[in-house]
Amino acid sequence: MPTLEINLQKIQHNAKILKNLLNKQKISLVAVVKVVQGNPVIARSLIQAGIKYLGDSRITNIIKMKKANIDAKFMLIRVPSITEIPLVVKYADYSLNSELKIIKLLSNEAIKQRKIHNIILMLDMGDLREGINPSKIEWYVKEILSLKNIKLSGIGMNVKCFQGIIPTDDLMSEFSNYAYTIEKKFGLDLNFVSGGNSANYNWLMTCKNPGAINNLRMGESLFLGKETINFKEIPNLFIDAFKLSAEIIEIKERSTFIRGPVISNAFGEKIQKTQLFNEDNLEKNKTRTQALLNIGREDVAINGITPIEDIKILGGSSDYLVIDVKNNIFHIGDKLNFDINYEALLRLMASSHIHKKFI
Ligand SMILES: *Cc1c(COP(=O)(O)O)cnc(C)c1O
């Protein structure tokens, strides 16, 4: 089985550094664990590192963590579906919301379960994904405040998720002003003025004053040690807490010549000849050494992995990764190593065909 090696100490180190960095600006951190599928081993080590809030987009992951007795406050960071409302009220301490119809149903359910459910009202500040039109905020707040067993714990926004908008100082202070306005008008003290995600790192480092913003929800920076505007490494964070290795299961000399006619691959994609081989290699009698690895597109985003050994990834199907071994001498059973990006990690963690090895 291919192995994903997970270094818990490196993750804990990242969590501590990031949390302290945010706390210096009086900003709390929701550690977003959706990329690791709410893995309880990882969640527990985050708590040991001092993390108080865990965020996940899937209620099923939150339930998994709750059942593993992870001692944290849980935030559902995808707006709830009608069909999951009973579970959201039962298991999530907070949820992000943008639809009054859903919030009313949460209220009814919370009354039924004799609980208070905390919500964070999402404002669409231009990324055009979830959130209300910010100009309507006062109307929404008034409606929400009239609902029983619902507490408006805060407001939130997103950047760089759908349209890829950047959190500029202007944008962030505009958002901050919405918080000040409703706090004043309705006499609120918002626990969460949640300004975004890992894409807010540069803003945080350069802004003079974060204003009302007192929370960020971060996953990628925490686990992969990078901000997500330029994907630059964050100083003092590990970028290699996760390492992938897969095993060679076939090595053969193969022609550089592609026998035609061709149409498209197993995923309906047209393959450019030059994608596979050097133009000057496209001769009938030349050969190259190709190996197959025991990992495929079912398990990983193959565009999201970077080989550590000097090889070339030619492509992959559901179950195989196809590589050119270049000048290396490899043997069946050899393991090759890869650095991974966020999408690769997401898929690797979700695949039951990948061994997770905690160190
Ligand atoms: C995924 C997600 C985050 C975390 O994003 P990162 O880029 O991993 O920091 C924060 N908020 C919401 C609503 C999300 O869906």
Within the stretch 309-320, work out how many residues are loosely packed, with under 14 Cβ neighbours inside 10 Å and either under 26 Å from the mean Cα position of the chain (by Cα) or of a type in the set (Ser, Thr, Tyr) (or both). 1
Taking interchain pairs and intrachain pairs at least six residues apart, which have beta carbon atoms under 9 angstrom, with the first residue in the stretch 1-16 and under 22 Å from Thr306 (Cα atoms) and the second assigned to a loop (DSSP other than H, G, I, E, B) and among the acidic types (Asp, Glu)? Pro2/Asp299; Asn7/Asp240; Lys10/Asp240
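Residue by residue through the stretch 291-304, note down the ones that are under 18 Å from His355 (Cα atoms) and either in a loop (DSSP other than H, G, I, E, B) or open to solvent by less than 10 Å² (accessible area, probe 1.4 Å) (or both). Explain how you work it out, then say what you get.
Residues of the stretch 291-304 under 18 Å from His355 (Cα atoms): 293-302.
Leu293, Asn294, Ile295, Gly296, Arg297, Glu298, Asp299, Val300, Ala301, listed by residue number.
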Tally, over the stretch 135-182, of residues that are more than 14 Å from the ligand (Cβ to nearest atom), among the aliphatic types (A, V, I, L, M) and farther than 25 Å from Val88 by Cβ: 2
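Would you please name the residue that is nearest to the ligand (Cβ to nearest atom), looking only at residues in the stretch 212-227 that are assigned to a loop (DSSP other than H, G, I, E, B) and open to solvent by less than 10 Å² (accessible area, probe 1.4 Å)?
Pass one, the stretch 212-227, residues assigned to a loop (DSSP other than H, G, I, E, B): 212-214, 219, 225, 227.
Restricting the remaining residues to those that are open to solvent by less than 10 Å² (accessible area, probe 1.4 Å) gives 213, 219, 225, 227.
Working: Ile213: 14, Gly219: 3, Gly225: 12, Glu227: 9 Å.
Out of the qualifying residues, it is Gly219.
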Close pairs from the stretch 191-206: first more than 22 Å from Asn97 (Cβ to Cβ) and outside any strand (DSSP E or B), partner of a type in the set (Ser, Thr, Tyr) and more than 9 Å from the ligand (Cβ to nearest atom), Cβ under 9 Å, at least 6 apart: Trp203/Thr168
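From the list Asn197, Asn230, Asn202, pick out the single residue that is within 16 Å of the ligand (Cβ to nearest atom) and buried (at least 22 other Cβ atoms within 10 Å of the Cβ).
Numbers: Asn230 fails: buried (at least 22 other Cβ atoms within 10 Å of the Cβ); Asn202 fails: buried (at least 22 other Cβ atoms within 10 Å of the Cβ).
One residue alone meets the criteria, Asn197.
From the list Asn230, Asn209, Asn177, which residue is more than 25 Å from the chain's Cα centre (by Cα) and in a loop (DSSP other than H, G, I, E, B)? Write out each step before concluding.
On the way: Asn230 fails: more than 25 Å from the chain's Cα centre (by Cα); Asn177 fails: in a loop (DSSP other than H, G, I, E, B).
Within the list Asn230, Asn209, Asn177, the selection yields Asn209.
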Being open to solvent by 50 Å² or more (accessible area, probe 1.4 Å) and of a type in the set (S, T, N, Q) is true for just one of Asn20, Asn14. Which residue is that? Asn20
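If a residue must be within 16 Å of the ligand (Cβ to nearest atom) and not small (Gly, Ala, Ser), how many such residues does the stretch 183-194 contain?
Residues meeting the conditions: 2.
Residue-wise test of (1) without any contact (Cβ under 8 Å) to a residue 40 or more places away in the chain; (2) of a type outside the set (A, V, I, L, M).
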residue	(1), (2)
Ser95	yes, yes
Lys101	yes, yes
Arg114	yes, yes
Ile132	yes, no
Leu147	no, no
Gly164	yes, yes
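Being farther than 27 Å from Ser221 by Cβ and open to solvent by less than 80 Å² (accessible area, probe 1.4 Å), is that true of even one residue in the stretch 341-350?
We begin by selecting, within the stretch 341-350, every residue farther than 27 Å from Ser221 by Cβ; these are none.
No, the conditions are met nowhere in the stretch 341-350.
Report whether or not Asn158 is open to solvent by less than 60 Å² (accessible area, probe 1.4 Å) and either farther than 25 Å from Ser198 by Cα or out of contact with any Pro (no Cβ under 7 Å at 6 or more places or on another chain) (or both).
Details: open to solvent by less than 60 Å² (accessible area, probe 1.4 Å): yes; either farther than 25 Å from Ser198 by Cα or out of contact with any Pro (no Cβ under 7 Å at 6 or more places or on another chain) (or both): yes.
Yes; evaluated as a whole, the condition is true for this residue.
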Which numbered condition Asn97 misses (of (1) more than 16 Å from the ligand (Cβ to nearest atom); (2) within 22 Å of Glu143 (Cα to Cα)): (1)
State whether the residues of the stretch 126-134 include one that is out of contact with any Ser or Thr (no Cβ under 8 Å at 6 or more places or on another chain), assigned to a loop (DSSP other than H, G, I, E, B) and within 13 Å of the ligand (Cβ to nearest atom). yes
Is it true that Ile119 is within 15 Å of the ligand (Cβ to nearest atom), over 28 Å from Ile229 (Cβ atoms) and in a strand (DSSP E or B)? yes
Can you confirm whether the stretch 60-78 contains a residue that is more than 19 Å from Gly225 (Cα to Cα), more than 16 Å from the ligand (Cβ to nearest atom) and among the aromatic types (Phe, Trp, Tyr)? no
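The values are calculated or read from the model by the stated rules, or taken from the named source; none is laboratory data. None of these values were measured; they are calculated from a predicted model. Ideal geometry is used to build each Cβ from the backbone, glycine not excepted, and the neighbour counts take in all protein chains shown. Only protein heavy atoms, including side chains, enter the accessible area calculation; ligands, DNA and RNA are left aside. Shrake-Rupley method; radii C 1.70, N 1.55, O 1.52, S 1.80 Å.
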